[in-house]
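Below is one structure, written out as structure tokens; the observations come after it.
The values are calculated or read from the model by the stated rules, or taken from the named source; none is laboratory data. Note that the coordinates shown come from a computational prediction; the quantities given were computed from them, not determined experimentally. Note: ideal-geometry Cβ built from the backbone for every residue, glycine included; neighbour counts use all protein chains shown.
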Amino acid sequence: MKHNIVRILFSLVACVCLAGASFVAMTMAPVEAHAQDTDKVTVEFVGFGAINDFYAVVQGSELAGKSLVIYQVGGQGPVLVYPLKKVSLQKALASKEVAPYGIQAGHASGLVSPAGWQLGGMVVGENLQLTLSAGGQSMTLGISPLFTSADKKKTAEVKIKDAFWTPDSKKLVIIINQKLDGDWAIDSDMVMAYTLG
């Protein structure tokens, strides 16, 4: 079993090296939070779409309110932003704009995938390096830049809030949080998504 996981993991390495892990960096709101300097941005995972390339999150901030945001893994920004002002999440998911994506909650959460891969992260300079490991083997999944103070003397504290996997472990959505104190304080969640294999 352990050898199978390692063999599968390194088959994925080949796929990732050849095709590149599909990567969606920041949502729009964390960029706005940096410009607005004190707005707290939160991201909560909702589910993957009936076609697994799509996934949805609820993104919220004091300035912009809450919205249901749909992304495509590997895309360059939101596919759809549906404001949740005076609308429940359930009604938004059933709306004519959102329903075609078939967003559902059939996913696994946590730092360990259904296939047994362990997600980890460590700060390297001004970046968060994300890794996948199985047994004694590991690979770099991706790198996310960290916020820094204007004088570059301070780097944001970062943590992986949670990770969400399709049941086959082939799609992964990660929510990270960055906090930076000071005159330009930041407290922002960001979402990243990968295709594995």
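Of all residues in region 146-170, those being under 16 Å from the mean Cα position of the chain (by Cα) and closer than 23 Å to ILE103 by Cβ number 9.
The residue that is farthest from GLY106 (Cα to Cα), among those in region 128-183 that are touching a Pro at 6+ places or on another chain (Cβ under 9 Å) and in a loop (DSSP other than H, G, I, E, B), is PHE147. Residues that are out of contact with any helix residue (DSSP H, G or I) (no Cβ under 7 Å at 6 or more places or on another chain) and of a type in the set (S, T, N, Q) were ranked within region 36-77; the one that is farthest from ASP189 (Cα to Cα) is ASN52.
Going by the structure shown, is ILE174 aliphatic (A, V, I, L, M), at pLDDT 90 or above, within 25 Å of GLY60 (Cβ to Cβ) and out of contact with any helix residue (DSSP H, G or I) (no Cβ under 7 Å at 6 or more places or on another chain)? For ILE174, the condition - aliphatic (A, V, I, L, M), at pLDDT 90 or above, within 25 Å of GLY60 (Cβ to Cβ) and out of contact with any helix residue (DSSP H, G or I) (no Cβ under 7 Å at 6 or more places or on another chain) - is met. Is it the case that some residue within region 48-55 is touching a His at 6+ places or on another chain (Cβ under 6 Å), touching a residue at least 24 places away in the same chain (Cβ under 8 Å) and not basic (Lys, Arg)? Within region 48-55, one or more residues are touching a His at 6+ places or on another chain (Cβ under 6 Å), touching a residue at least 24 places away in the same chain (Cβ under 8 Å) and not basic (Lys, Arg). Being surrounded by 14 or more Cβ atoms within 10 Å (Cβ to Cβ), out of contact with any Gly (no Cβ under 8 Å at 6 or more places or on another chain) and either among the acidic types (Asp, Glu) or in a strand (DSSP E or B) (or both) is a property that holds for LEU119. Residues that are among the hydrophobic types (A, V, I, L, M, F, W, C), within 20 Å of ASP189 (Cα to Cα) and either over 19 Å from the mean Cα position of the chain (by Cα) or buried (at least 18 other Cβ atoms within 10 Å of the Cβ) (or both) within region 125-145 comprise LEU128, LEU130, LEU141, listed in sequence order. If I filter region 63-112 down to residues being of a type outside the set (A, V, I, L, M, F, W, C) and part of a helix (DSSP H, G or I), which single residue comes out as farthest from PRO167 (Cα to Cα)? The extreme case among them is LYS91.
Taken over region 122-133, the criterion of being touching a residue at least 24 places away in the same chain (Cβ under 8 Å) and closer than 15 Å to LYS179 by Cα is satisfied by VAL123, GLU126, LEU128. When region 94-121 is filtered for residues that are more than 19 Å from the chain's Cα centre (by Cα) and free of Cβ contacts under 8 Å to residues at least 24 places away in the same chain, the ones remaining, listed by number, are ALA94, SER95, LYS96, GLU97, ALA99, PRO100.
Residues that are surrounded by fewer than 18 Cβ atoms within 10 Å (Cβ to Cβ) and touching a Leu at 6+ places or on another chain (Cβ under 9 Å) within region 105-115 comprise GLY110, LEU111, VAL112, listed in sequence order. When each of TRP184, TRP117, TRP165 is tested for being of a type outside the set (S, T, N, Q) and under 21 Å from VAL57 (Cα atoms), the lone residue that passes is TRP165.
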